[in-house]
Amino acid sequence: MFLINDLQRHNQPLAEAVAQATRRVLERGWFVLGPEVEAFEAEFAAYCGVGHCVGVGNGTDALELALRAVGLGPGMRVATVANAGMYSTTAILACGAVPVYVDVDPQTMLIDPSALPPADALIVTHLYGRMADMPRLMAAAGRMPVIEDCAQAHGAMLDGRRAGSWGAAGCFSFYPTKNLGALGDGGAVVTNDAAIDRRVRALRQYGWTSKYTAEIPGGRNSRLDELQAAILRLKLPLLDGWNARRCAIAAAYGLAPRGGPDDVVHLYVIRCAGRDRLRAALRERGVGAEVHYPLPDYRQPAVALEAVLPHTERCCREVLTLPCFPEMTDEEVHRVRELVETLLDGRESESL
Ligand SMILES: *Cc1c(COP(=O)(O)O)cnc(C)c1O
């Protein structure tokens, strides 16, 4: 089966560099929140064009700690979309706050800036690698703190500014399948606000402001470890090249509307009314297409909130993710494209 992503092909060429980084950490004997994390934080902050970066355990924790750091607590309302895989909802509920769902633009599948409800904070997800309309969203949010979910948009830019540098804070995941992926879990919060930086630093370690003094309530243990930071450091200089290749693959597919000029591609997502049939036909022919994401957050059994957002519902019914990863060859892209086109035309095809 040809899957949507191939982490072996992605990471195997880095085996020697990873072994060196691992040896370095092993020989130093410092494994959590040490010099590799500190160096990665500085390098990633510079890459994002922000003043601060705080490494945390994963992307969902990044969202939760960022929400807490801007003052979110029990009973407060956080506006977010419902088509982006439950991550923002999970973080909101972890704070004891209440998600308020906003519909998406039917074309871009990103948050619709004209539909913002009153809330205490806003999470904006740059879904599939596409930048949301940050100038309009920042204007519409007014004094509401805006948190960007950049877990699918490492390196994306709009008007010359990176994802994560627009809002009060930007949250990243380094889950292995992300555009910048560790070899395990990892995450980060980036910000230009020194107070948010300080609070997230405390919150990721029991609320400590100094060792064994817990000053900030709502603290957790959510730390980036040295091995993952060392691996992220060797991968960061390769990110722009990988993103460029992902964009070239998307352009070669040409089966979905193009994004903005400085978007990146995380997932290559097409839309089709007969999505489930197309997916089954692709699988029969050895191509593993996936659905990101099948169920709006408010319909998840663990959430079950009252909402009906027509564009969100339609996205969840129609989206289909095709294989896209930097190591895919032109030949492979061509074969998948031909197969999809043939199936959409209703013609029979050879198996891939
Ligand atoms: C992957 C992802 C997250 C969560 O990251 P984890 O590290 O798995 O917790 C959050 N938001 C989006 C949009 C993601 O794709």
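Think of each Lys and Arg Cβ as +1 and each Asp and Glu Cβ as -1; about the Cα centre, that makes the dipole of the chain roughly 500 debye. Quote the relative contact order of the range 123-218 in percent (integer), defining contacts as alpha-carbon pairs under 8 Å separated by 6+ residues. Reported relative contact order: 18 percent.
Annotation: per residue accessible area for the chain equals 43 Å², rounded to a whole number [probe 1.4 Å, protein chains only]. Over all Cα atoms in the range 26-156, the spread is summed up by Rg and Dmax: 15.9, 54 Å. The accessible-area ordering, largest first, of the residues W242, W208 stands as W208, W242, per a 1.4 angstrom probe. For the range 133-148, the residues whose backbone nitrogen is under 12 Å from a point 7 Å from the Cα of D105, taken along Cα to Cβ, are 133-137.
Simple rule: put +1 on each Lys or Arg Cβ and -1 on each Asp or Glu Cβ in the range 265-314, find the dipole, and look at L295, Y268, L278; the Cα lying farthest toward the positive end is L278.
For the range 186-196, backbone phi angles converted through the Karplus equation (6.51, -1.76, 1.60; θ = phi - 60°) give residue-by-residue couplings of x, x, 7, 10, 10, 6, 9, 9, 4, 5, 5 Hz, Gly and Pro being listed as x.
Out of the total accessible area of the range 43-164 (probe 1.4 Å, heavy atoms of protein only), what percent is carbon and sulfur? Carbon with sulfur: 53 percent of the solvent-accessible area.
Heavy atoms only, probe 1.4 Å: what % of the accessible area of the range 245-352 goes to carbon and sulfur, would you let me know? Taking all protein chains in place, the range 245-352 shows 48 percent carbon and sulfur surface.
The gain in end-to-end length when the W208 to A256 segment is fully stretched comes to 12.5 nm, 0.36 nm per residue minus the alpha carbon separation.
Applying the Karplus relation 6.51 cos²θ - 1.76 cosθ + 1.60 with θ = phi - 60° to the range 133-150 yields 3J(HN,Hα) values of 6, 5, x, 5, 5, 5, 5, 5, 6, x, 8, 5, x, 10, 10, 8, 8, 9 Hz, where x marks Gly and Pro. Summarising the strand pairing of the chain, around 60 percent of its internal DSSP beta bridges are antiparallel.
With contacts taken as Cα pairs under 8 Å and at least 6 residues apart, the chain reaches a relative contact order of 22 percent. What residues of the range 167-195 lie in the reach of a label at R24, counting those whose backbone N is under 18 Å from a point 7 Å from the Cα along Cα→Cβ? Those under the cut-off are 181-184.
Based on the alpha-carbon gyration tensor of the range 80-171 and its eigenvalue square roots a ≥ b ≥ c, which shape applies: rounded if a/c is under 1.5, prolate if not and a/b is larger than b/c, or oblate? Verdict is rounded for the range 80-171.
The values are calculated or read from the model by the stated rules, or taken from the named source; none is laboratory data. Keep in mind the model is a prediction, meaning the values are calculated, not measured. Glycine also receives a Cβ, built like all others from the backbone with ideal geometry; neighbour counts cover every protein chain displayed. Surface areas here come from the heavy atoms of the whole protein model, side chains and all, with no ligands, DNA or RNA. Shrake-Rupley method; radii C 1.70, N 1.55, O 1.52, S 1.80 Å.
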